[in-house]
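Undergrad: Right, I'll just put the structure down here and ask away after.
Derivation of every value follows stated rules applied to the coordinates shown; laboratory data play no part. Keep in mind that this is a model prediction, so the values were computed, not measured. Cβ placement follows ideal geometry from the backbone for every residue including glycine, while neighbour counts extend to all protein chains displayed.
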Amino acid sequence: MRAVRRIAVQILQLLNRGGLIYSTHMAINTAQAPLSIHEFSLVNTHTRSYTYSTMAAPAVTGPMLKMNNGVEMPALGFGTFANEGSKGETHKAVIHALNAGYRHLDCAWFYQNEDEVGSGMREFLSQNPSVKRSDIFITTKVWNHLHEPEDVEWSLKNSLEKLQTPYIDAFLVHWPIASEKNPDRTVKIGSDGKVSKTSTFHMQVNLL
Amino acid sequence: MEKLYHEGLARSIGLSNFTEKGIEALLKYAEVKPAMNQIEIHPFLPQQPLINYCLSKSIIPVAYSPLGSQDQVPGTGEKVSTNIELNAIADENGWTLAQVLIAWGLKRGYSVLPKSSNESRIKGNANLVTLSDEDFAAVNKVAEGRWTRFVNMKDTFGYDVWPEESK
């Protein structure tokens, strides 16, 4: 049975990889793979009835994790942090990710590429009318120098604007550290080249 | 932050890089419980105690660098990506190492955030697989006793979130 199971998974994966399974409604979650012959034939049937013209794969979420506020998050997420990302790289990567089925994008104000995440997502959504913004879980984070309440709010609104979304699914404190800012909300660097006046936990009372 | 949550601009609020001590302090005054804590997790930094703590407080752990980064373990020069045991598990199943590492995280019950800018790797990583109990145990064995953090911005910050690790 184990061998049969493995072969079935591999066939599914091959189909998936070749873009042969196109369902935009039926999530094929290979982590909880539909492995019975019955379910497998269902997939085939669905392939034949495919009518959309895009190459997007079905959603691949992994388990949906229910958080303490009742909101569900796909366990599989796509990291958008780009080390030495050249311009346009994140835009393309996000389209590839959404086309591959990811429905969870992890972003941050500090990554300085939220505009590309936003433009990539919008391009994907315009090409895939069956997928909505609400089908995608988006996280962003506030950086250390914006921990004053009005700065936290500014940071989120700045991220929302760049991500081209009216709301975020999760907003995180990026580090348990607070630092100083310049008047233009850039990170203040001290004369020693380090982030200026770093302090920690007491700042988090302000943060909330 | 709680205000933004109540206004609906953020459907959830949460943490990243928080220690157990930090979360404990925050829970004393937070009106809205953090929904998640995003931390570095991979077989060289398995984070079991913090994962257990987070789950005990209904906070979902989210793994960044789940593929273990390209950095080397100081002293030994080891890398997650070239670990013999981990690669053997991938080869035996006809999977990539990334698929094994993602599956390991999902089986441990948290969210994983693989990152790539390469189209075929992005696709390949979304090809989710399920680790058998033996393979899961084999990854756990590699992780056992390890504690190498690759992401610590202490030199940039001038502050170390994990001072006990630098001793």
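Undergrad: Can you compute the radius of gyration and Dmax for segment A:64-207, using only the Cα atoms, both in Å?
TA: Rg and Dmax of segment A:64-207, Cα atoms, are 16.3, 53 Å.
Undergrad: Could you tell me which residue out of B:ALA138, B:TRP104, B:ALA90 lies farthest along the dipole of segment B:86-147 toward its positive end? Charges go on the beta carbon: Lys and Arg +1, Asp and Glu -1, centred on the Cα centre.
TA: Of the options given, the answer is B:TRP104.
Undergrad: Just grab the label-to-label distance for A:VAL187 and A:MET64, each label 7 Å out from Cα along the Cβ direction, in nm (one decimal).
TA: Using points 7 Å along Cα→Cβ, the separation is 3.7 nm.
Undergrad: On a full-extension model of 0.36 nm per residue, what is the gain between B:LEU55 and B:LYS79, subtracting their alpha-carbon distance, rounded to one decimal in nm? Don't skip to the answer; put the middle values down first.
TA: Values: separation 24, 0.36 × 24 = 8.64 nm, distance 2.84 nm.
Roughly 5.8 nm would be gained on extension.
Undergrad: I would also like to ask the following. Hey, got the dipole for segment B:71-167? About the Cα centre, +1 on K and R Cβ, -1 on D and E Cβ, debye to the nearest 20? Please report the intermediate quantities before stating the final value.
TA: Numbers: 11 positive and 14 negative charges, 63 e Å.
Computed charge dipole of segment B:71-167: roughly 300 debye.
Undergrad: I've got another one for you. Which pairs in the list A:LYS141/B:LYS33; B:LYS28/B:LYS57; A:LYS162/B:LYS115; A:LYS92/B:LYS123; A:LYS66/B:LYS107; A:LYS141/A:LYS162 are over 18 Å apart, alpha-carbon to alpha-carbon?
TA: Result: A:LYS162/B:LYS115 exceed 18 Å.
Undergrad: Per residue of B:21-31, what is the mean number of Cβ atoms on other protein chains within 10 angstrom of that residue's Cβ?
TA: Values: counts 2, 7, 1, 0, 6, 7, 0, 1, 3, 4, 1.
Mean shielding count: 3.
Undergrad: Amide H to amide H under 5 Å from B:ALA35: which residues, 5+ apart in sequence or cross-chain, H placed 1.01 Å off N in plane?
TA: Amide H neighbours of B:ALA35, under 5 Å, 5+ apart: B:ILE13, B:GLY14, B:LEU15.
Undergrad: Please give the peptides A:153-163, B:74-84 ranked by average Cβ packing (other Cβ atoms within 10 Å per residue), highest first, as a rough proxy for protection.
TA: On the way: A:153-163: 19.0, B:74-84: 12.9.
Those peptides, ordered most packed to least, come out A:153-163, B:74-84.
Undergrad: For a distance above 19 Å, tell me the whole-number percent of Cα pairs in segment B:94-167 that qualify. Let's see the in-between values first.
TA: On the way: 1388 of 2701 pairs.
Taking all Cα-Cα pairs of segment B:94-167, the fraction more than 19 Å apart is 51 percent.
Undergrad: Right, another one. In which sequence would B:VAL62, B:VAL112 go, from the one with the fewest C-beta neighbours within 10 Å to the one with the most?
TA: Numbers: B:VAL62 30, B:VAL112 27.
Sorted ascending by nearby Cβ count, the order is B:VAL112, B:VAL62.
Undergrad: With every atom except the alpha carbons ignored, what do you get for Rg and Dmax of segment B:62-123, in angstroms?
TA: 12.0, 34
Undergrad: Using +1 at the Cβ of each Lys and Arg and -1 at the Cβ of each Asp and Glu in segment A:64-207, identify which of A:THR80, A:HIS104, A:THR186 lies farthest towards the dipole's positive end.
TA: A:HIS104
Undergrad: Turning to a different aspect of this structure: Tell me the Kirkwood hydrodynamic radius of segment A:83-140 in angstroms, computed as one over the mean inverse distance between distinct C-alpha pairs.
TA: Values: mean 1/r = 0.0871 Å⁻¹.
Evaluated over segment A:83-140, this radius sits at 11.5 Å.
Undergrad: Based solely on C-alpha atoms, express the radius of gyration and the Dmax of segment B:10-167 in angstrom.
TA: When restricted to the Cα atoms of segment B:10-167, Rg and Dmax are 16.3, 50 Å.
Undergrad: Within segment A:84-102, which residues have the backbone N less than 15 Å from the label spot 7 Å out from A:GLU123 along Cα→beta-carbon, could you tell me?
TA: A:86-100
Undergrad: Under 12 Å from the Cβ of A:GLY118, count the other residues' Cβ atoms, weight Lys and Arg +1, Asp and Glu -1, and hand me the total.
TA: -2
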